[in-house]
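Take a look at the structure below.
The values are calculated or read from the model by the stated rules, or taken from the named source; none is laboratory data. Computed from a predicted model, the values in this text were never measured in an experiment. Note that we place each Cβ from the backbone using ideal geometry, even for glycine, and neighbour counts take in every protein chain shown. Remember, those area values only see protein heavy atoms, side chains included, never the ligands or the DNA or RNA. Shrake-Rupley method; radii C 1.70, N 1.55, O 1.52, S 1.80 Å.
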Amino acid sequence: LDIHDAVKMAAHSKTLEPHTLIEIQQTLASVRELRTHLSKLSKELPLLWNIAEGIVGLPQLEKHIGSCLMPTGEILDSASPTLTEVRQQLRKVREQLSSRLEAIIRSPRGHRIIQEPIITEREGRYVIPVKIECRKDIRGIVHDISNTGATVFIEPWTTVELGNELRELVTEERHEVERILRDLSAEVGAYETEISHNLELAAELDLALAKARYAR
């Protein structure tokens, strides 16, 4: 995988996507492992080792990316203390919202006015599906109407404040994730020279091995 362009963009203050950072981490690990492998064969393969010896390991960068991102590219809760706290609060608020809405759905009034006993989302707000003819039987904000016109999706007044808190936390989470990705990208950019040099040496080794395979 050629990560050269991504590293160059990071060096020019571009924020990289999580999957790109993971690709960079994996490439760095592969190049480092190649150097380690050839160091053990330095006596048998001195010419290859002469090339591989120049590879600069960047284990701290590998480790930092790995401590913030899952291999799938998802941002770990533990990527920063702020993200840990925000996501804990998010889970708490979502649980409180769900409990309040479920209580409404399970109540005698809920059985009468609810179209389906489910909680859903509209534009980031938690809502319940209410029969159109019962929309005035519950105070709240209408966020959507079904295609058939038989259902309105209402956010009850009793959950609006929690809904606002949730939106604020979601925004905080997004800003913190952006900051983490920005910092990781800046760190990659700071090692542009070393990474580019490593890629050149890896390509040189790859070519030498390809020639050897062809010759054989």
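Here are the numbers for the structure shown:
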quantity: Number of positions in segment 142-166 that are in contact with a Phe, Trp or Tyr (Cβ under 8 Å, 6 or more places away or on another chain), without any contact (Cβ under 8 Å) to a residue 60 or more places away in the chain, open to solvent by less than 70 Å² (accessible area, probe 1.4 Å) and not polar (S, T, N, Q); calculated: 3
quantity: Residue check for Arg106: in contact (Cβ under 8 Å) with a residue 60 or more places away in the chain, within 25 Å of Glu133 (Cα to Cα) and open to solvent by 100 Å² or more (accessible area, probe 1.4 Å); calculated: no
quantity: Ala215 vs. criteria hydrophobic (A, V, I, L, M, F, W, C), at pLDDT 90 or above, exposed (fewer than 14 other Cβ atoms within 10 Å of the Cβ) and closer than 27 Å to Ser30 by Cβ; calculated: no
quantity: Residue under evaluation Val93, criteria (1) among the β-branched types (Val, Ile, Thr); (2) surrounded by 12 or more Cβ atoms within 10 Å (Cβ to Cβ); (3) free of Cβ contacts under 8 Å to residues at least 60 places away in the same chain; (4) farther than 30 Å from Gln25 by Cβ, criterion not met; calculated: (3)
quantity: Verdict on Thr20 being assigned to a helix (DSSP H, G or I), open to solvent by less than 70 Å² (accessible area, probe 1.4 Å), within 29 Å of Glu168 (Cα to Cα) and not small (Gly, Ala, Ser); calculated: yes
quantity: Residue under evaluation Ile180, criteria (1) farther than 26 Å from His19 by Cβ; (2) within 22 Å of the chain's Cα centre (by Cα); (3) crowded, with 16+ Cβ neighbours inside 10 Å, criterion not met; calculated: (1)
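For (1) touching a helix residue (DSSP H, G or I) at 6+ places or on another chain (Cβ under 8 Å); (2) closer than 22 Å to Arg179 by Cα, each residue gets a yes or a no:
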{"site": "Val56", "(1), (2)": "yes, no"}
{"site": "Gln60", "(1), (2)": "no, yes"}
{"site": "Ala79", "(1), (2)": "yes, yes"}
{"site": "Gln89", "(1), (2)": "yes, yes"}
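Yes or no, residue by residue, for (1) in a loop (DSSP other than H, G, I, E, B); (2) open to solvent by 90 Å² or more (accessible area, probe 1.4 Å); (3) without any contact (Cβ under 8 Å) to a residue 60 or more places away in the chain; (4) more than 16 Å from Glu194 (Cα to Cα):
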residue: Leu28; (1), (2), (3), (4): no, no, no, no
residue: Ser39; (1), (2), (3), (4): no, no, yes, yes
residue: Glu44; (1), (2), (3), (4): yes, yes, yes, yes
residue: Ile51; (1), (2), (3), (4): no, no, no, no
residue: Gly57; (1), (2), (3), (4): yes, no, yes, no
